[in-house]
1. Can you work out the Karplus-derived ³J(HN,Hα) for every residue in the stretch 176-192? Use 6.51 cos²θ - 1.76 cosθ + 1.60 with θ = phi - 60°, whole Hz, and x for glycine or proline.
2. Give me the percent relative contact order of the stretch 2-60, please, defined on Cα pairs under 8 angstrom at least 6 residues apart.
3. Among the lysines, which fall within straight-line cross-link reach of LYS309, defined as a Cα-Cα distance under 17 Å, with same-chain neighbours fewer than 8 residues apart omitted?
4. Under a 5 Å amide H to amide H cut-off, with H placed in plane at 1.01 Å, what residues pair with LEU129 once short-range neighbours are removed?
5. In whole Å, largest first, what are the principal axis extents of the Cα atoms in the stretch 204-345?
6. Find the percent of Cα-Cα distances in the stretch 2-60 that exceed 13 Å, and round it to a whole number.
7. Using the number of other C-beta atoms within 10 angstrom as an exposure proxy, rank ARG5, ARG336, ARG223 with the fewest first.
8. Given contacts defined as C-alpha pairs under 8 Å and at least six residues apart, what's the relative contact order of the chain, whole-number percent?
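None of the figures in this text is laboratory data; all of them are computed from the coordinates on show. As the structure is a prediction and not an experimental result, all values here were calculated from the model. Every residue, glycine among them, receives a Cβ derived from its backbone with ideal geometry; neighbour counts consider all protein chains shown.
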Amino acid sequence: MNDLRSMTADEIRAALKEMGEPAFRGAQIFDWVQAKKVRTFSEMTNLPKALRERLAAEFALSLLTVEKRLVSQEDGTRKYVYALPDGLLIESVFMPYDYGNTACISSQAGCRMGCRFCASTLEGLARNLLPGEMLEQIFRMEEDTGERISHVVVMGSGEPLDNYDNLLRFIRLITDEKGKNLSERNITVSTCGLVPQIGRLAGEHLQITLALSLHAPNDALRRTMMPIAQAYTVQETVAACDAYFTATGRRMSYEYSLIEGVNDSEACAKELAALLHGKNAHVNLIPVNPIRERDYKAPDRAAALRFQKRLENLGINATIRRKMGADIDSACGQLRLRAKAEQGE
Ligand code: SAH
């Protein structure tokens, strides 16, 4: 790894030592890339010029550039399309919630999970993002808004657990007290349900929130929506989430995208309630964001509320996700696709 923003303080120190530099230089550089969030080596003004030049020759510094930016006049939500150094595009969202500014970031350019309702996967996976490229999304949003981001959800394009090592490194870096110093508790990672990796994550004993994209209460229905349901059953997936809760004490969050006539029936609500009965879990209902390439539609507000009430009456904690930035609306991943098409023109 030669991307400085993807390296831990120890790794930077070791690399500098090998270059014959004193240990304190490593701490200075970590401070520049993680706390001061510089874009270039020349900004590292407390380093000798010769060292800056050597660093520039031997290391990369992950850097994103804004390709497109939409600002909601209604609630201050901002959607960004960033270009990676190799020209690939990713999407990130800034949401000013009451409890703190939240960044929704991407973990991969594209995705190979193939969920039927999702725009991010339509063109497959381009590549994994580096830890530094995940950090950069947050740093550039802070720079653009002039605001501090206190919460991060890894719910942009990509399957974070399909980029496991870089995700873990990202979490270690962003929670480093000499870097951005974000609290683990303010990080949510959402997965379509890679069962072995959920087990591995439980073993890390992090205090992050895990969100599981369930979307259907049984295998037959889930298999029509998500290819991953062919690999792992709903039972095994929920069992992995139970183990995550046992290992970490963190309440599970289950995402359920409501699709009219597909998974919003009374029978589905009952089956979902039975599946999650007695668990320390929260259900996040997301009226599906229709994408042009698919025929899925969201139920109307009354139907979504009925589904939520049914769950609550059966003892399941459920909320309907508030729609942010309705005036700059474009379903998750669609902004990127559009920008990509424009890029190709
Ligand atoms: N790969 C991860 C994170 C990415 S998406 C995962 O699958 O969880 C974050 C959430 O948005 C997931 O629950 C995903 O299923 C959901 N989602 C994707 N496209 C959607 C759409 N068009 N409408 C509503 N929810 C969507």
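1. Couplings: 4, 5, 8, x, 6, 6, 6, 7, 3, 5, 9, 10, 10, 10, 10, 10, 6 Hz.
2. Rounded, it is 34 percent for the stretch 2-60.
3. In chain and number order, the partners are LYS270.
4. Answer set, sorted by chain and number: GLN108, ALA109.
5. So the three principal-axis extents are 52, 39, 30 Å.
6. That fraction is 55 percent.
7. Exposure proxy ranking, most exposed first: ARG223, ARG5, ARG336.
8. Reported relative contact order: 15 percent.
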